[in-house]
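Visitor: Structure in structure tokens, see below.
The values are calculated or read from the model by the stated rules, or taken from the named source; none is laboratory data. Nothing here was measured: the structure is a model prediction, and the numbers come from that model. With ideal geometry, Cβ positions are generated from the backbone for all residues, glycine too; neighbour counts draw on all protein chains shown.
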Amino acid sequence: MKLFNRILSAFLAVLMIFVSLPAVSFAKKDEDPMPGKNEFRCDWFDETIIYPYEYSDSYFTGNAYDYNHDLALYSLCVSMASFGSFDLENPDENIRMMLEECGYDFTSYGYDTEGYDTVGLALGTKKLDLGGEPTTIVIAAIRSGNYGMEWGGNLRVGTGENHEGFDISKQTSLVYFNDFCKNLEPYGTVKLLIPGYSRGSSIANLFAAELVDGSYTDSIGAQTDYIKSVGFTNENIYAYLYETPQATSDVNTGNELYDNIFNIINPSDYVPMFVMDNFNFTSYGRTLYLPSASRVADYETFYNSAVKEFDSFMAHTGKESKDFFYDTEDSLSCELVFKKVFSYLATDVMVDRETYSERYENSLIFFTGQYLGKKRTVKDLAGSIGKMVFATLVSLIPSNYKKIKADGYQSYLADYVAEKTKHADLSDKEVEGLIDLFIEILDLIKAHRKEIPTLLSQINTVINVHQPYVTMTWVRILDEETMLKINSDVDDELRLSWNNITLKYNSSGKLNTDFNVEGGYVEWKSDNEEIVSVDKDGTVYANSKGTATLTATLYSADGKVLDEAFATVNVEMNAIQVIIHKIKNVFV
């Protein structure tokens, strides 16, 4: 049994490392397809796909603080077009073709650079009479994918107020933007659109926030401030950002000043969960969630619409919706598992930001930048981690005991990896950092093995959930009214993250609460703890088959009852579990 557990743990460690990195597509690249009218091309890992889009200058007639779904969808399309092109001599060609088709003059900065903390900025300018008023529209798109070694910068968290890697790229982007503004001669009112996806959205989140609050002057340093001379006003700064990894620990992110920044998130996507809540990270502006079983009562309707839409507009790619979307049960269970996994990583493995920065950061930056960034991921990631797994198995041979006992398990693995993989670029310190992380994750998985089968059962969806065309499908099936409705603040003082859930026997879930009462607190109660129990922080445990109702009671600081909210929990058991449960109760 010990041997089995060790082999299983090694396998699961590899799985979790794959899951923690951005999803990789294995599709074959098409033969240089050219987009037609109202189409754009997106190069993403090893594939090129042509997508439809719609555009109208009228998207910019409203106040930036009011959500505009048409502009939101267009922003996602611009972000996807901003991905680096496979044509290394023209890395900005996809976004250039799209913006020029929309009538914009195009320029770009940084698309020909590649490093851990580089960034590309694509800019479009259009002068017109909008509603009879002289207007200049500017689009500033942060390169949001297919960006090579910049993968490494995603792991440079640092110990400052902002994610260090994103902050460096934000500063570079603002220097580029300031240089662009030097030659910009505005025609009337200036409108600015800032779109972004994934890494690009985190950089854009910081970029937009500094333009909104005026602190961009610190980023451009001693340079002449040309941005100010253009005359941007906050009601004309539109920021629509997708799958945004959390980039700052600034306590002022929720200020209404930043409400023209919209972060649109798929709750089932694990990428926005980094950097973790446990490290007190968040994003500027407002967060709008796409449909998930934890957030909408009629999720199955949205799910069926998404599947139908995906199978229609992605039919030419040969992709199947079953590999990209969660049904109701898996949407709930995988979202909860991801939240727990990232919480465990933050507290049990990385401990805190300082520990992460000191022990793991440099080796992870190197590893993801060199291997994922240089497109050698599939072969080299599997090879390198595979060597660690094999070394774990080889360590079970009795003849190795003496060496392992003398030098330590970490030293044994590091020597084995260095000898077998011959990674000349990896320093001893970087190899040891990877081994440290590998061992910590292995121990973590051994301690929480019960949650892994949930991810294993949906491995294709787990790997693919961060694909941009998944996000695009969700946005395409929504309209402005529906998006705002599923994200609206209700009148109740106390709100739950979900009100109805089905859990599998012996699993657990987490109910999050939201309330605006200074000094207030919530107490939980189950009407049948033999079926479902709940602890003081809202963690729910499925103890037996059946249905239970949980009550969350909100109290004021002086103990007065202010509000109550209810959640129904259904627990399912298969036939074998029912039998085992009955036998167990006989002997208890």
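Visitor: Name, by its number, the condition in (1) part of a helix (DSSP H, G or I); (2) farther than 30 Å from Ile139 by Cβ that does not hold for Val296.
Guide: Checking Val296 against (1) part of a helix (DSSP H, G or I); (2) farther than 30 Å from Ile139 by Cβ, the one that fails is (1).
Visitor: Can you tell me which residue within the stretch 465-512, out of those that are under 20 Å from Cys334 (Cα atoms) and at pLDDT 95 or above, is surrounded by the fewest Cβ atoms within 10 Å (Cβ to Cβ)?
Guide: For the stretch 465-512, the residue satisfying everything is Tyr469.
Visitor: Name every residue in the stretch 513-546 that is small (Gly, Ala, Ser), surrounded by 13 or more Cβ atoms within 10 Å (Cβ to Cβ) and in contact (Cβ under 8 Å) with a residue 24 or more places away in the chain, in order of residue number.
Guide: Those that are small (Gly, Ala, Ser), surrounded by 13 or more Cβ atoms within 10 Å (Cβ to Cβ) and in contact (Cβ under 8 Å) with a residue 24 or more places away in the chain: Gly520, Ser526, Gly538, Ala542, Ser544, Gly546.
Visitor: Within the stretch 297-338, track down each residue that is assigned by TED's automatic domain parsing to the domain that holds Met483 and aliphatic (A, V, I, L, M).
Guide: Hits for the stretch 297-338 are Ala297, Ala306, Val307, Met314, Ala315.
Visitor: Could you tell me which numbered condition Leu192 fails, if it satisfies all but one of (1) out of contact with any Asp or Glu (no Cβ under 9 Å at 6 or more places or on another chain); (2) within 11 Å of Leu241 (Cα to Cα); (3) not charged (D, E, K, R)?
Guide: (2)
Visitor: Would you mention how many residues in the stretch 206-223 are of a type in the set (S, T, N, Q) and in a helix (DSSP H, G or I)?
Guide: Counting residues in the stretch 206-223 that are of a type in the set (S, T, N, Q) and in a helix (DSSP H, G or I) gives 2.
Visitor: Ok, one more. For the stretch 551-572, enumerate the residues that are without any contact (Cβ under 8 Å) to a residue 60 or more places away in the chain and over 25 Å from Ser508 (Cα atoms). Steps first, please.
Guide: If we filter the stretch 551-572 for residues that are without any contact (Cβ under 8 Å) to a residue 60 or more places away in the chain, which is where we start, we get 551-553, 555-561.
Correct list: Tyr555, Ser556, Ala557, Asp558, Gly559, Lys560, Val561.
Visitor: Having 2 or more residues that are at pLDDT 95 or above is the bar; report the helices (runs of 4 or more DSSP H) wholly within the stretch 54-169 that clear it.
Guide: Result: 69-81, 93-101.
Visitor: Would you check if Arg199 is touching an Asp or Glu at 6+ places or on another chain (Cβ under 6 Å) and basic (Lys, Arg)? I'd like the intermediate steps shown before the answer.
Guide: Values: touching an Asp or Glu at 6+ places or on another chain (Cβ under 6 Å): no; basic (Lys, Arg): yes.
Considered against the rule, which asks whether it is touching an Asp or Glu at 6+ places or on another chain (Cβ under 6 Å) and basic (Lys, Arg), Arg199 comes out as no.
Visitor: Could you tell me which of the residues Thr189, Thr217 is surrounded by fewer than 20 Cβ atoms within 10 Å (Cβ to Cβ), β-branched (Val, Ile, Thr) and either more than 24 Å from Thr282 (Cα to Cα) or within 21 Å of the chain's Cα centre (by Cα) (or both)?
Guide: On the way: Thr217 fails: either more than 24 Å from Thr282 (Cα to Cα) or within 21 Å of the chain's Cα centre (by Cα) (or both).
Matching residue, one of Thr189, Thr217: Thr189.
Visitor: Which condition does Asp535 not pass, out of (1) at pLDDT 80 or above; (2) under 28 Å from the mean Cα position of the chain (by Cα), if it passes all the others?
Guide: Only one criterion in (1) at pLDDT 80 or above; (2) under 28 Å from the mean Cα position of the chain (by Cα) is unmet by Asp535, namely (2).
Visitor: In the stretch 514-530, how many residues are closer than 22 Å to Glu335 by Cβ and modelled with pLDDT of 80 or more? Steps first, please.
Guide: Applying the first criterion (closer than 22 Å to Glu335 by Cβ) to the stretch 514-530 yields 514-515, 522, 524, 526.
Next, from what is left, pick out any that are modelled with pLDDT of 80 or more: 522, 524, 526.
Selection size over the stretch 514-530: 3.
Visitor: If a residue has to be under 9 Å from the mean Cα position of the chain (by Cα), in a helix (DSSP H, G or I) and not β-branched (Val, Ile, Thr) to count, how many in the stretch 239-288 make the cut?
Guide: 2
Visitor: Does Thr454 satisfy the criteria of being hydroxyl-bearing (Ser, Thr, Tyr), at pLDDT below 70, over 30 Å from Asp43 (Cβ atoms) and assigned to a helix (DSSP H, G or I)?
Guide: Considered against the rule, which asks whether it is hydroxyl-bearing (Ser, Thr, Tyr), at pLDDT below 70, over 30 Å from Asp43 (Cβ atoms) and assigned to a helix (DSSP H, G or I), Thr454 comes out as yes.
Visitor: Another one. Do you know which of the residues in the stretch 305-319 that are surrounded by 14 or more Cβ atoms within 10 Å (Cβ to Cβ) and of a type outside the set (A, V, I, L, M, F, W, C) is farthest from Ile486 (Cα to Cα)?
Guide: We begin by selecting, within the stretch 305-319, every residue surrounded by 14 or more Cβ atoms within 10 Å (Cβ to Cβ); these are 305-307, 309-311, 313-314, 317, 319.
Filter again for of a type outside the set (A, V, I, L, M, F, W, C), leaving 305, 309, 311, 317, 319.
Values: Ser305: 15, Glu309: 19, Asp311: 24, Thr317: 30, Lys319: 28 Å.
So the residue we want is Thr317.
Visitor: Taking into account only those residues within the stretch 50-96 that are in contact with a Phe, Trp or Tyr (Cβ under 7 Å, 6 or more places away or on another chain) and aliphatic (A, V, I, L, M), which is nearest to Phe232 (Cα to Cα)?
Guide: Filtering the stretch 50-96 for residues that are in contact with a Phe, Trp or Tyr (Cβ under 7 Å, 6 or more places away or on another chain) and aliphatic (A, V, I, L, M), the one nearest to Phe232 (Cα to Cα) comes out as Ala64.
Visitor: Within the stretch 551-573, can one find any residue that is at pLDDT below 85 and aromatic (Phe, Trp, Tyr)?
Guide: yes
Visitor: May I pose another question? For the stretch 283-330, give me each residue that is of a type in the set (Lys, Arg) and under 22 Å from Ile463 (Cβ atoms).
Guide: Scanning the stretch 283-330 gives Lys319, Lys322.
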